[in-house]
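Q: Just dropping this structure here.
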Amino acid sequence: MHGYTILTTRKRVIVALIHTVVFWIVAALGPLWTVHPLRATSPPSAWVMAGVYVIVSSVLLLLTAFSGHPGERCYFGLCAASASFGLLRQLFGDPRMHAAVYVRVAMLACAILMGLWILRRYLAPDEA
């Protein structure tokens with residue numbers, strides 16, 4: 001219908017937007033806790049979190065690569081960039097990557113706007 005490869009229905013767009021808003025809230029709360037650089041002596045939970053960021057970043061990069069529509073590609077690219085900055089913050093800690101919090105919030109805010117634009121296209125009547 002609109003040339004989207006992944007966000008092919010209004011329901012998929014809404015689910016993606018809900019996830020993005022939740023992660024935007026989590027990213028906005030990021031300054032409330034300090035992240036220390038990842039080391040061999042770091043607790044297992046820090047390593048698990050780094051692994052989660054690697055998986056999420058990889059999946060979002062794949063979704064970006066497989067996206068067909070430029071708006072869809074932009075949406076997933078912004079989400080992938082946000083997750084990648086989260087991974088960098090987890091690896092290097094706050095002293096070196098404190099700006100990553102603000103970059104993540106900005107990227108996810110832009111992704112939310114792009115998702116709303118995509119949703120608006122699904123809600124608009126088809127041009128015949």
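What follows is calculated from the coordinates using simple rules that are stated; it is not laboratory data. Computed from a prediction, not measured in an experiment: that's the story for all the values here. Please note: Cβ atoms are built from the backbone with ideal geometry, for glycine as well, and neighbour counts cover all protein chains shown.
Q: To the nearest 500 deg cm²/dmol, what mean residue ellipticity at 222 nm is calculated for the chain from DSSP H runs of n ≥ 4 alone, each contributing -39,500 (n - 2.57), summed and divided by the residues? Kindly include the intermediate steps, with their values, before the conclusion.
A: Values: 5 runs with 94 residues, N = 128.
Rounded to the nearest 500, the figure is -25000 deg cm²/dmol.
Q: I'd like the Karplus ³J(HN,Hα) series for the stretch 63-72: coefficients 6.51, -1.76, 1.60, θ = phi - 60°, whole numbers in Hz, and an x wherever there's a Gly or Pro.
A: So the J values, rounded to whole Hz, are 4, 4, 5, 8, 5, x, 7, x, x, 5.
Q: Could you run the Karplus curve 6.51 cos²θ - 1.76 cosθ + 1.60 with θ = phi - 60° over the stretch 37-52 and give me ³J(HN,Hα) per residue in whole Hz, x for Gly and Pro?
A: x, 6, 9, 4, 8, 5, x, x, 4, 5, 5, 5, 4, 4, x, 4
Q: Starting with the fewest neighbours, write out ILE112, ILE14, ILE118, ILE25 ranked by other beta-carbon atoms found within 10 Å of each beta-carbon. Write out the running numbers ahead of the final one.
A: On the way: ILE112 18, ILE14 14, ILE118 22, ILE25 11.
Ordered from fewest to most neighbouring Cβ atoms within 10 Å, ILE112, ILE14, ILE118, ILE25 come out as ILE25, ILE14, ILE112, ILE118.
Q: Suppose every K and R has +1 on its Cβ and every D and E has -1 on its Cβ; what is the size of the dipole of the chain about the Cα centre, in Debye to the nearest 20? Could the numbers behind the result be given before it?
A: Working: 10 positive and 4 negative charges, 24 e Å.
With only Lys, Arg, Asp and Glu charged at Cβ, the dipole is about 120 debye.
Q: Given (1) 62, 24, 20; (2) 41, 31, 26; (3) 36, 31, 29 as candidate values of Cα extents along the principal axes in Å, which corresponds to the one derived from the coordinates?
A: From the options (1) 62, 24, 20; (2) 41, 31, 26; (3) 36, 31, 29, the structure gives (1).
Q: Taking amide H positions as placed in the peptide plane 1.01 Å from N, state which residues far from LEU38 in sequence (5 or more) or on other chains have amide H under 5 Å from it.
A: Long-range HN contacts for LEU38: PHE92, GLY93.
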